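Here the structure comes first, spelled out in structure tokens, and everything after it is commentary.
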Amino acid sequence: MDGNITIDGIPVQQAAEAIGANDVPELKEHAQDALRRLLRVWIGFERDLVTVPILRRLDLGTYTLADHRRLLVNLRQQVVEGSRWIARAASSMDRDHSEMRSLILRHAVDEHRDYTMLEQDYVNAGGEIETILSRGKNVGSEAFHAFMMQRASQPNPVDMLGAMWIIEGLGERMAIGWATRMEELCEREGITRFMTYHGANDDDHMQRFYTMLDEVCTDTLVVERIEMTAKVVARLYRLQLEEMGDE
Amino acid sequence: MNTVYITSTGWHLPGPAITNDQVETVLGAVNGQPSGLRGQIQKANGIQTRHYGIDANQRTTVSNTEMAVQAAQECMDRAFRPIHQVGMLAVASTQGDHPVPGLASFVQAGLGMAEVEILTAQSICSSSMMALKGAWLALRCDEHDAALVVATEMPSRLLKRQRYEAATESTFAKKTVDFNTEFLRWMLSDGAGALLLETSPRPKGLSFRIDWMKGWSHAHALPTCMSVGSSGKADEERTWQDYDTYADAEREGALLLRQEVRLLDHIVRLGVDGYVRLVQEGLNVPSEVDHFLCHYSSHHFRPKILDMLDAAGVGIPEEKWWTNLYSRGNTGAASLFIMLDEFVRTQNPQVGERILCFVPESGRFNTTYMHLTVVDNNGR
């Protein structure tokens, strides 16, 4: 016994750690204000995710392989489109934001083929590749994607940091815990590599995030815009998880 | 509105201090089998000693009411005001000795307080803050000059081996390891704490001025996390009184204290949410806090919280945190009052120092906060 409480293999302290973003650098005043606001948005997001039926089944232990396929089918569209809005945001940055543009471009390169991993997870979970390839967006994904493309198309859309906070946060803080639980409940391996890959890699992404946050948060107006985008993304992401039809 | 001060404190911790290895002797090994989880849970929560109001045969040695009375008497022994000049009694506990009437009636009787206004707050850890806030507001609004607030907790009677042995059809009996049902057995223990509130500070020595109290509950969004009254089985909607007999409810495990451990992390996050919210509202100025008294129920949560708050520029350095959790145990609702009592007696607080108190409740996610300032006999 090493003092770490685990339940069904998942450390209890996982989420406590989840909150503590790793290696946070010194931030200036407005960036700290932004971080405080974003923390509150994040905590509310996580709290409300508990009520999403498919995720509640993870807590209750009733999550099945069919649930998992349903989740992947519904997530794929957002992952496919994700690299598009990241690239769009980069191209909307002018020369005064060139440093940020290159950071975003690097991010897009990291993620632009992620969906192939997700598709393989789906097949490993017993799904037919044609099924996942032929599925369109659900109601939530549609709204989510539309909002993201609209924001990314604005000149210098620095508020996309609010979106990144939520989406990267899912990878950094939730994905590994979910994936462990999913493989355990579904009694199958190799069905969550998309999620675990993200859990392992998003530390770097968060460091980029903090660097950018410190740079762009020069006044309260910017901070408020970032907060609003984070709130909308949190709500639409949850909508996407709520609007899951059949597989 | 009146300014209100905490002018005296007292506690009662029943029996001797019980070490980790003695705990299972007192609570009893279920069906004679030592628990496989005890050592792990105790190591994680960091508690070294605690107290129980039951003996090694699981016989009650002191009632919840008696503990409350003794804590209140100690508090009044240290006060300048005689108890007959106290107009209000507010009492908090997770579970009194009787389901009805409220515990305040019994404590009032035990203290012999004639014709006082009473308030019983029943929840879990944060019930102490509910009772305290009721009393604080009554004094603020000039309804009374003084109020006695007592928080008392006696989970040992819920945690003794006989409870688990009788639950023959429960998840505890069916599963090899039922973490959710066993977790709290190695976390909670007994004790009571009391505070005297007055509209003027102590004539000699130090008082705590109550600057503000705030609370936010998240029950609208989250499921129940810590409870007694449900069997914890999937698709079972009955609560304990819906069974034909109480014996049926007990057999099904609906009378066991249960924690949905997978949800527990939310209480940490929501505690942080309220804390940051208070910063945003200008009430909480972390750089001006001298002492942080936080009722946290598990040792390993501590550094994680610190890291997170530091990141947002609102951390409180670790040397400002103070707790007696490790020596007095996790006494639920009574914890903060037991903490305040020992703090004022042993930590030599100075006039002008600011104290932030935080009491989270995982039951259905309530977070409560209080800010105190140490003042002298002139209220400065």
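Nothing in this text is a laboratory measurement; each read-out follows from the coordinates by a stated rule. Source: prediction; values computed, not measured. With ideal geometry, Cβ positions are generated from the backbone for all residues, glycine too; neighbour counts draw on all protein chains shown.
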### Query
For the range B:114-213, what ratio Rg/Rh do Cα atoms give with a Kirkwood hydrodynamic radius?
1.17
### Candidates B:341, B:178, B:244, ranked by Gaussian network fluctuation over chain B, Cα under 10 Å, top entry
B:244
#### Entry: Per-residue [θ]222 nm for chain A (sum of -39500 (n - 2.57) over DSSP H runs n ≥ 4, rounded to 500)
-23000 deg cm²/dmol
### Task
Specify which residue in the list B:294, B:332, B:150 is farthest towards the positive end of the charge dipole of chain B, using unit charges on the beta carbon of Lys, Arg (+1) and Asp, Glu (-1), about the Cα centre.
B:294
### Task
Report, in deg cm²/dmol and to the nearest 500, the calculated mean residue ellipticity at 222 nm for chain B, where each DSSP H run with n ≥ 4 adds -39500 (n - 2.57) and the sum is divided by the residue count.
-8500 deg cm²/dmol
### For the protein assembly as shown, size of Cβ-based charge dipole, Lys and Arg +1, Asp and Glu -1, in debye
560 debye
### Message
Report the Cα centroid-to-centroid distance between the range A:38-101 and the range A:113-165 in angstrom, as an integer.
### Response
8 Å
### Query
For peptide B:170-183, how many partner chain Cβ atoms fall within 10 Å of a residue's Cβ, on average?
1
### Query
How much FRET efficiency would the formula 1/(1 + (r/R0)^6) give for residue A:59 and residue A:124, where r is the Cβ-Cβ distance and R0 is 25 Å, rounded to 0.05?
0.55
### Message
Averaged across A:29-40, how many Cβ atoms of other chains sit within 10 Å of each residue's Cβ atom?
### Response
4
### Message
If I take R0 = 35 Å and measure r between the Cβ atoms of residue A:98 and residue B:219 in this structure, what FRET efficiency does the formula 1/(1 + (r/R0)^6) give, to the nearest 0.05?
### Response
0.10
### Task
Using +1 at the Cβ of each Lys and Arg and -1 at the Cβ of each Asp and Glu in the protein assembly as shown, identify which of B:82, B:166, A:123 lies farthest towards the dipole's positive end.
B:82
### Query
Given +1 on the Cβ of Lys and Arg, -1 on the Cβ of Asp and Glu, and no further charges, what dipole in debye does chain B carry about its Cα centre, rounded to the nearest 20?
560 debye
#### Entry: Residue-count net charge about residue B:378 - beta-carbon cut-off 12 Å; Lys, Arg +1, Asp, Glu -1
+3
### Message
Which one, B:98, B:315, B:373, projects farthest toward the positive side of the charge dipole computed for chain B from Cβ point charges (K/R +1, D/E -1)?
### Response
B:315
## Note on the structure
A student asked for the Cα radius of gyration and Dmax of the range A:42-242 in angstrom ought to give 16.8, 51
### Message
Would the protein assembly as shown count as rounded, prolate or oblate if I go by the C-alpha gyration tensor, calling it rounded below 1.5 in a/c and otherwise prolate when a/b exceeds b/c, oblate otherwise?
### Response
oblate
### Task
Of the listed pairs A:28/B:43; B:133/B:233; A:231/B:43; B:133/B:320; B:43/B:174; B:160/B:320, which have alpha-carbon separations greater than 28 Å here?
A:28/B:43; B:133/B:233; A:231/B:43; B:160/B:320
### Query
Dipole magnitude of the range A:42-242 about its Cα centre, charges +1 at Lys/Arg Cβ and -1 at Asp/Glu Cβ only, in debye to the nearest 20?
560 debye
## Note on the structure
Of B:367-374, B:331-338, ordering from highest average Cβ density within 10 Å down gives B:331-338, B:367-374
### Message
If you average the alpha carbon positions of the range B:136-180 and of the range B:1-49, how far apart do those two centres end up, in angstrom?
### Response
13 Å
### Task
Report, in degrees rounded to the nearest 10, the 0 to 90 angle that the Cα long axis of helix A:160-169 makes with the longest principal axis of chain A.
30 degrees
#### Entry: Percent antiparallel among DSSP beta bridges (both partners in the protein assembly as shown, rounded to 5)
70 percent
### Task
Please report the relative contact order for the range A:42-242, taking Cα pairs under 8 Å with a sequence separation of at least 6, and give it as a percent rounded to a whole number.
31 percent
